[in-house]
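Trainee: Just passing along the structure, written as structure tokens.
Rule-based calculations on the coordinates, nothing more; no lab input. Keep in mind that this is a model prediction, so the values were computed, not measured. Cβ placement follows ideal geometry from the backbone for every residue including glycine, while neighbour counts extend to all protein chains displayed.
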Amino acid sequence: MAAAAAAASINTLSHQITTVNPNHKINSKPSAVIFHNPHSKRRRNFIISSSSDHKNNQSNGFGGGKGSNGNDNININAKAIPLLRFLDDSPPLLPRPLSSSYLSNSVSDGSRVRVAYQGIRGAYSESAAEKAYPNCEAVPCEQFDTAFEAVERWLVDRAVLPIENSLGGSIHRNYDLLLRHRLHIVGEVKLAVRHCLLANPGVKVEDLNRVLSHPQALAQCENTLTRLGLVREAVDDTAGAAMHVAFHKLKDAGAVASSDAASIYGLNILAQDIQDDSDNVTRFLILAREPIIPGTDRVFKTSIVFSLEEGPGVLFKSLAVFALRKINLTKIESRPLRKQPLRASDDNSNRYFDYLFYVDFEASMADQNAQNALRHLNEFATFLRVLGSYPADARTDT
Ligand SMILES: O=C(O)C(=O)C[C@]1(C(=O)O)C=C[C@@H](O)C=C1
């Protein structure tokens, strides 16, 4: 039944089918399609695709509207056009005041907060968006970049994107995008991720040769998938994998995804909690156009990124600015400095890789101690940016 619903959606919404990531192993056309959940009236069925799609849609004037099933099959780009035109005709916007309403479920005009996430309905990122903003309007985006752009272009109010997982490690792409875009981190959400092995009705574990999912999800289930001898195939998101298996009525392939995805796409759950460790937690960042006013009324975290001169002990010195002030570091990540990935030494005899360091520490930017630490770091950092100062999420639940 779910597959039939998908087919109907695809026919009426072929313009909304998004492109396949060329790096993916799957040789099929849709990597994400709009899928209507007959049980939910809460969300409209639209997905934000890349900015080039937006331009195309603007030029050919095609928009959303009611699908043949009478639902609001709205293309977000169509809704966005009048907004962008309005902004174009308006006098330049004044800087908006800092806002502390980041956890509120409504924006200043009282409407529901619109939160972009990567993936399609049933993805863990959607659950994270709903945990951050219960009752929000969760807006699916094709890629991480699209979610960043959606906030920047005022199509949505926030983006909720994964940054690290307790089993799989960091999501490097989002570290890189944090620097490329000028959004602010205004919060974090920790979500317990419990993976299921899903398959079409009638298909048993013994029938499966391969399994589809997001690369992070596949990595988090390494032991189970190896034990079952299944070939892994990477797709954009876990829910997209479930949708693909259902839509193509695959008999030899299963999907690693959530129990929500099983019910949305009409798949059976063959095995539950198949992640390598029961404590499987993904940390998501909440991003917004404006920063929040940091407080000291609860535990705050601050995220920064910096680069350093080459030399003995420089990294040690940079971390000591926090140790000296008894500030706890919760995460450190290094990424290649892309525009200048290699640096020659003074005598030109050697070439070094050049890095950006991302550090999270447990202190608010309202705290004098934290300000002093950053002032100290700034004395020898070649570049320093505060990505955000935001309340730490102490709860990990679904
Ligand atoms: O594919 C999904 O469902 C996602 O929300 C993405 C994602 C990720 O990027 O890490 C989020 C949480 C899980 O760790 C697995 C996958």
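Trainee: Among the listed pairs LYS190/LYS317; LYS204/LYS249; LYS131/LYS204; LYS131/LYS326, give every one whose C-alpha distance is greater than 25 Å.
Mentor: With Cα atoms farther than 25 Å apart: LYS190/LYS317; LYS131/LYS204; LYS131/LYS326.
Trainee: While we're looking at this one, here's another question. For VAL231, which sequence-distant residues (separation of 5 or more, or a different chain) have an amide H within less than 5 Å of its own amide H, given hydrogens modelled in the peptide plane?
Mentor: Residues meeting the criterion, in which the H sits 1.01 Å from N, are ARG210, VAL211.
Trainee: Rounded to whole Hz and in sequence order, give me ³J(HN,Hα) for segment 226-242 from the Karplus expression 6.51 cos²θ - 1.76 cosθ + 1.60, θ = phi - 60°, writing x for Gly and Pro.
Mentor: Whole-Hz 3J(HN,Hα) from phi for segment 226-242: 5, 4, 7, x, 8, 7, 8, 10, 8, 9, 5, 7, 5, 5, x, 5, 4.
Trainee: Contour minus end-to-end for ASN369 and HIS248, with contour as 0.36 nm per residue of separation and end-to-end as the Cα-Cα distance?
Mentor: 37.8 nm
Trainee: Which residues' amide hydrogens lie under 5 Å from the amide hydrogen of ASP393, considering only partners 5 or more residues apart or on another chain, with H built in the peptide plane?
Mentor: GLU188
Trainee: At 7 Å along the Cα-to-beta-carbon direction for both ARG289 and LYS326, put a label point, then send me their distance in nm to one decimal.
Mentor: Simple spin-label model gives 4.2 nm for this pair.
Trainee: Convert each backbone phi in segment 277-289 into a coupling constant with the Karplus relation 6.51 cos²θ - 1.76 cosθ + 1.60 (shift: θ = phi - 60°), then list the ³J(HN,Hα) values in order as whole Hz, x for Gly and Pro.
Mentor: After applying 6.51 cos²θ - 1.76 cosθ + 1.60, I find 9, 5, 8, 9, 10, 10, 9, 10, 9, 9, 10, 9, 6 Hz.
Trainee: Something else now. With θ set to phi - 60° and the Karplus curve 6.51 cos²θ - 1.76 cosθ + 1.60, what are the ³J(HN,Hα) couplings of segment 138-148 in order, to the nearest whole Hz, using x for Gly and Pro?
Mentor: Couplings: 7, 10, x, 10, 5, 9, 4, 4, 5, 5, 4 Hz.
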